[in-house]
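Data first, discussion second: the structure below is written as structure tokens.
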Amino acid sequence: MKAISPFETADGTILNVDTAGEGQAVVFQHGLCGDAAQTDEAFPAKPGLRRITVEARGHGRSQAGHLDNLSIATFTDDVAAYIEQNFPDPVVIGGISMGAAISLRLAVKRPDLVKGLVVARPAWVIEAAPANMAPNLKVGRLLKTLPPQEARAAFLSGAHGRSLAADAPDNLASLEGFFTRAPIEVTAALLSAISADGPGVTEEEVRGLNLPTLVIGHERDLIHPLMHARALAQMIPGARLVQITPKVESRERYVADFRLALGTFLESLRHD
């Protein structure tokens, strides 16, 4: 059973909440310039699980609100407010890429809301503006200064474009989609702001987490390097790291591996 519903943030921005399934609630967040289709693809199709994706400001069907408010901290506050208003007890929180950073921040800052954590394909560990996010930042800056097609040509002919074409074509395909993502001004603002941002947590705070945690990563991904997943898995006490098939090798196997890892983790929580 799938459904969508609106959620109004503290400043009046209307976000779209996409849900599927019934049972154990899992708030599962998408990546930068993604939407609920990304989380739906990776989520296990098992009875007894309910996926809830609060599409972040400027993503999917959600309003962008004031562009100066686009940040991982704001997105996290929005998710926290949604959980507070809709769930009397803590829930499992997780996400992919930017969604992983949101989930990590929420687990650190609001442990009262979280009973389990999933960090999938993290693009950040704890530092802001990591080097792996430089291609996204470059796309955002180009879109602010050039028409979309000229910006695309400049990116593909530049160092980031050439490197991704050679070593991470799946990453490049995602970035190419940003040049036609409407509205362009929102896409440019998101890429510029979030790529230069970070989860806003310290290593001490992350090492102080005390909850079941799954970390998912894979090789051949320059935007979401496996070393980030390994670093977080080592930093979070008791975290389990699962390495899955890279999308560039087989999207079908990537999805199957992701769903298996997540489904196994969620099943383990039922028996704890």
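For segment 1-19, give me the residue count where each residue is closer than 18 Å to residue 66 by Cβ, surrounded by 13 or more Cβ atoms within 10 Å (Cβ to Cβ) and aliphatic (A, V, I, L, M).
Residues meeting the conditions: 2.
When you check residue 245 against the structure, is it among the polar types (S, T, N, Q) and either part of a helix (DSSP H, G or I) or modelled with pLDDT under 95 (or both), yes or no? Step through it out loud before you land on a result.
Numbers: among the polar types (S, T, N, Q): yes; either part of a helix (DSSP H, G or I) or modelled with pLDDT under 95 (or both): no.
When the stated conditions are applied, residue 245 does not pass them.
Taking residue 83 as meeting all but one of (1) under 25 Å from residue 211 (Cα atoms); (2) hydrophobic (A, V, I, L, M, F, W, C); (3) out of contact with any Pro (no Cβ under 9 Å at 6 or more places or on another chain), write down the number of the exception.
Condition not satisfied by residue 83: (3).
Which of the residues that make up segment 248-272 are in a helix (DSSP H, G or I) and hydrophobic (A, V, I, L, M, F, W, C)? First the steps, then the outcome.
Within segment 248-272, the subset in a helix (DSSP H, G or I) is 251-270.
If the condition is that a residue be in a helix (DSSP H, G or I) and hydrophobic (A, V, I, L, M, F, W, C), then 255, 256, 258, 260, 261, 262, 265, 266, 269 are the ones that fit.
Just to be sure, is residue 106 touching a Ser or Thr at 6+ places or on another chain (Cβ under 7 Å), buried (at least 16 other Cβ atoms within 10 Å of the Cβ), under 26 Å from residue 37 (Cβ atoms) and not acidic (Asp, Glu)?
yes
Given the residues 53, 39, which is the only one that is in a helix (DSSP H, G or I) and either touching a residue at least 24 places away in the same chain (Cβ under 8 Å) or not aliphatic (A, V, I, L, M) (or both)?
On the way: 53 fails: in a helix (DSSP H, G or I).
Every option except 39 fails the conditions.
Quick one: how many residues across segment 1-36 are of a type outside the set (Ser, Thr, Tyr), touching a residue at least 60 places away in the same chain (Cβ under 8 Å) and assigned to a loop (DSSP other than H, G, I, E, B)?
6
Hey, any hits in segment 94-103 for a residue that's at pLDDT 95 or above, surrounded by 17 or more Cβ atoms within 10 Å (Cβ to Cβ), farther than 21 Å from residue 244 by Cα and not assigned by TED's automatic domain parsing to the domain that holds residue 185? Give the derivation first.
Taking segment 94-103 and keeping what is at pLDDT 95 or above, we get 94-103.
From what is left, the residues that are surrounded by 17 or more Cβ atoms within 10 Å (Cβ to Cβ) are 94-103.
Then keep just the ones that are farther than 21 Å from residue 244 by Cα; that gives 102.
Right, trim to not assigned by TED's automatic domain parsing to the domain that holds residue 185 and you get 102.
The answer is yes, given that some residue of segment 94-103 is at pLDDT 95 or above, surrounded by 17 or more Cβ atoms within 10 Å (Cβ to Cβ), farther than 21 Å from residue 244 by Cα and not assigned by TED's automatic domain parsing to the domain that holds residue 185.
What pairs come up if the first residue lies in segment 172-192 and is not assigned by TED's automatic domain parsing to the domain that holds residue 156, the second is small (Gly, Ala, Ser) and in a loop (DSSP other than H, G, I, E, B), and their beta carbons are under 8 Å apart, counting only those six or more places apart or on different chains?
Within 8 Å, no pair qualifies.
Going residue by residue through segment 87-105, is there one that turns out to be farther than 27 Å from residue 258 by Cβ and touching a helix residue (DSSP H, G or I) at 6+ places or on another chain (Cβ under 6 Å)? Before you say what the answer is, go through the steps one by one.
Of segment 87-105, the ones farther than 27 Å from residue 258 by Cβ are 88.
After this cut, where a residue has to be touching a helix residue (DSSP H, G or I) at 6+ places or on another chain (Cβ under 6 Å) as well, the list is none.
Checked segment 87-105: no residue is farther than 27 Å from residue 258 by Cβ and touching a helix residue (DSSP H, G or I) at 6+ places or on another chain (Cβ under 6 Å).
Is it the case that some residue within segment 255-270 is crowded, with 18+ Cβ neighbours inside 10 Å, at pLDDT below 95 and in the same structural domain as residue 120 (by TED's automatic domain parsing)? Outline the logic, then answer.
First, pick out the residues of segment 255-270 that are crowded, with 18+ Cβ neighbours inside 10 Å: 257-258, 261-262, 265-266.
After this cut, where a residue has to be at pLDDT below 95 as well, the list is none.
No, there is no match, as no residue in segment 255-270 is crowded, with 18+ Cβ neighbours inside 10 Å, at pLDDT below 95 and in the same structural domain as residue 120 (by TED's automatic domain parsing).
Looking at segment 109-121, is at least one residue in a helix (DSSP H, G or I) and free of Cβ contacts under 8 Å to residues at least 60 places away in the same chain?
Pass one, segment 109-121, residues in a helix (DSSP H, G or I): 109, 111-113.
Cutting the leftovers down to free of Cβ contacts under 8 Å to residues at least 60 places away in the same chain gives us 112-113.
Checked segment 109-121: at least one residue is in a helix (DSSP H, G or I) and free of Cβ contacts under 8 Å to residues at least 60 places away in the same chain.
Pairs, please: C-beta under 6 Å, at least 6 apart or cross-chain, first residue touching a residue at least 24 places away in the same chain (Cβ under 8 Å) and in segment 236-247, second part of a loop (DSSP other than H, G, I, E, B) and surrounded by fewer than 19 Cβ atoms within 10 Å (Cβ to Cβ)?
Correct list of pairs: 246/219; 246/220.
Among the numbered criteria (1) surrounded by fewer than 24 Cβ atoms within 10 Å (Cβ to Cβ); (2) assigned to a helix (DSSP H, G or I); (3) of a type outside the set (Lys, Arg), which one does residue 129 miss?
The failed condition is (2).
The values are calculated or read from the model by the stated rules, or taken from the named source; none is laboratory data. Because the structure is predicted, anything quoted here is derived from the model rather than measured. With ideal geometry, Cβ positions are generated from the backbone for all residues, glycine too; neighbour counts draw on all protein chains shown.
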